[in-house]
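Here's the structure we're looking at; comments come further down.
The values are calculated or read from the model by the stated rules, or taken from the named source; none is laboratory data. Remember, predicted model here, so these are calculated numbers, not experimental data. Positions of Cβ are generated from backbone atoms using ideal geometry, with glycine treated the same way; all protein chains shown enter the neighbour counts. Each accessible area value is taken on the protein alone, full model and side chains, heavy atoms only, with ligands, DNA and RNA left out. Shrake-Rupley method; radii C 1.70, N 1.55, O 1.52, S 1.80 Å.
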Amino acid sequence: MYATLFPLASSLRGLDPAGSFLRALDREWLADVQDFLRMGLPKLLFIGLYTWALILLVNFITTRIIKVAEHRDKLGSASAAQVRTLATVIRATGIGIVAFLALLQIMENVLHFNLGPLLASAGVAGVAIGLAAQTIVKDVLNGILILIEDQYNVGDVVTLAGMTGTVESMTLRRTTVRGFDGVLYIIPNSQITNVANQNRGFSVATLNVSVDFSANPDQVIPLLKKIALEVRNEPAFKDVFLADPQVFGVDSIKGTEVIYPIQIRTQARKQFDAMREMQKRIRLALEEHNLLPGSPYRVLSGPAQTARPEAETAPAAHDPTTDKPNESNPFTGE
């Protein structure tokens with residue numbers, strides 16, 4: 001069997017010293033192979049099975065989290081997108097940590113590497129990389145806080161780093177926002193210091209109705225209240241409003257324009273259709289009641305003045321430019 005496994009050494013058995021060296025080398029390799037089969041292979045198989053089991057456990061946990069998030073998303077939960085993103089991050093990070101620990105175990109217990117100097121070098125290299133990639137570290141840490149604190153979701157209308165739009169995607173390092181003009185903004189998470197989220201809680205909108213100065217406020221205010229309550233009780237808007245609209249009366253006067261503000265409180269970002277319907281009905285109601293809309297450029301015409309100032313009644317001064325030209329010949333005098 002020895003001659004079958006190592007034919008080169010058997011053919012050089014009679015040669016010295018080369019034959020002796022090869023025979024010793026064969027014996028060492030054979031001893032190493034036997035040690036690996038007896039000690040190393042069981043450890044390698046155990047580490048592999050243990051790693052595989054941990055990866056399956058991480059995948060099972062994250063898959064369950066994603067399924068729960070999808071179920072909550074169907075029920076209208078606002079944090080489902082964050083849960084899915086966080087579950088994906090946990091799975092990738094967990095698999096990476098398990099694979100790294102498994103590699104260290106193989107190097108130490110199977111390959112018999114001394115991990116002390118290697119870990120010390122890795123620590124120094126980690127410090128150097130951390131100093132060189134401080135912005136990336138800040139991005140990741142801020143991204144984790146955004147996910148944990150649930151500051152905004154995918155699909156929310158937000159203002160981040162001075163950019164307003166709809167969140168299209170988010171990772172631990174960056175957030176992608178689509179502006180209302182179609183421009184795509186990619187914002188690093190470390191640049192997000194203030195978040196203005198328009199999709200949380202409720203929205204408050206104020207509709208400033210302009211009516212002409214000649215209209216009686218005691219007639220305008222009840223009319224506006226009536227129209228606002230009609231829109232609030234419409235079946236299409238009944239669930240949108242969170243409270244009855246408020247008409248505060250006369251807010252300001254600009255020339256012949258009188259402003260009557262109407263404040264409405266609705267579900268988040270649901271105020272636009274209600275305001276459009278309310279403006280349409282106010283326009284028709286003003287025409288029906290013969291009320292003019294206000295205008296800061298309209299001028300009131302008063303009674304004719306009977307007396308005129310002296311400057312207007314005095315005769316106009318002689319204008320020399322209206323005199324006829326001299327028709328005489330300057331050379332003959334005729």
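A compact table of results
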| quantity | calculated |
| --- | --- |
| Matching residues in the stretch 243-258 - criterion: being outside any strand (DSSP E or B) and either on the phi > 0 side of the Ramachandran plot or among the aliphatic types (A, V, I, L, M) (or both) | 243, 249, 250, 255 |
| The stretch 202-219, residues that are open to solvent by 70 Å² or more (accessible area, probe 1.4 Å) and either small (Gly, Ala, Ser) or outside any strand (DSSP E or B) (or both) | 213, 214, 216, 218, 219 |
| Restricting the stretch 146-195 to residues that are under 17 Å from residue 87 (Cβ atoms) and of a type in the set (A, V, I, L, M), the residue that is farthest from the chain's Cα centre (by Cα) | 148 |
| Residue within the stretch 277-286 that is free of Cβ contacts under 8 Å to residues at least 60 places away in the same chain and surrounded by 14 or more Cβ atoms within 10 Å (Cβ to Cβ) present | yes |
| Residue match in the stretch 220-242 (condition: part of a helix (DSSP H, G or I) and closer than 19 Å to residue 298 by Cβ) | yes |
| Scan of the stretch 156-196 for residues that are in contact with a Gly (Cβ under 7 Å, 6 or more places away or on another chain) and part of a loop (DSSP other than H, G, I, E, B), ordered by number | 171, 172, 173, 180 |
| Number of the exception - residue 158 against (1) touching a strand residue (DSSP E or B) at 6+ places or on another chain (Cβ under 9 Å); (2) closer than 22 Å to residue 278 by Cβ; (3) open to solvent by less than 40 Å² (accessible area, probe 1.4 Å) | (2) |
| Failed item, numbered, when residue 297 is tested on (1) open to solvent by 50 Å² or more (accessible area, probe 1.4 Å); (2) modelled with pLDDT of 90 or more | (2) |
| Filter result (surrounded by fewer than 16 Cβ atoms within 10 Å (Cβ to Cβ) and of a type in the set (S, T, N, Q)) within the stretch 107-155 | 109, 114, 121, 134, 135 |
| Scope the stretch 206-228; condition farther than 10 Å from residue 261 by Cα and in contact (Cβ under 8 Å) with a residue 60 or more places away in the chain; matching residues | 211, 212, 213, 214, 215, 219, 220, 223 |
